[in-house]
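*Asks:* The structure's right below; bear with me while I get my questions together.
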Amino acid sequence: MRRPKESPTSLRVCSLCLRVLRGSEWIESERVISEIRSYDLGSPPQLHFAVCDLCAESILSRRARVAEPVAA
């Protein structure tokens with residue numbers, strides 16, 4: 001998978017928790033909005049969806065558990 005070029009108007013966003021990848025760190029979207037002042041930009045940022053490390057770990061750990069019976 002090709003990684004999108006990082007710029008203030010091109011953001012990688014976790015599609016599950018909505019955190020944004022800035023450099024090598026996933027941070028809260030509210031912080032990114034205020035840092036890049038996206039509300040002042042001429043056009044909205046481009047969003048490239050991904051899954052952050054914490055959400056990926058959570059998914060993998062749930063898949064690894066033995067399937068528990070579900071009550072009808």
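Just so it is clear, none of the values below were taken in a lab; they were calculated from the coordinates. Owing to the predicted nature of the structure, the values given are computational and were not obtained by experimental measurement. Using ideal geometry, Cβ is built from the backbone for each residue, glycine included, and neighbour counts are taken over all protein chains shown.
*Asks:* On full extension of the chain, what length is gained from residue 28 through residue 48, given 0.36 nm per residue of separation minus the C-alpha to C-alpha distance? Provide the component values of the computation, followed by the final result.
*Replies:* Values: separation 20, 0.36 × 20 = 7.20 nm, distance 1.55 nm.
So the chain would gain 5.7 nm between residue 28 and residue 48.
*Asks:* Within the range 44-59, what residues put their amide N at less than 15 Å from the label point 7 Å along the Cα-to-Cβ vector of residue 9?
*Replies:* 44-48
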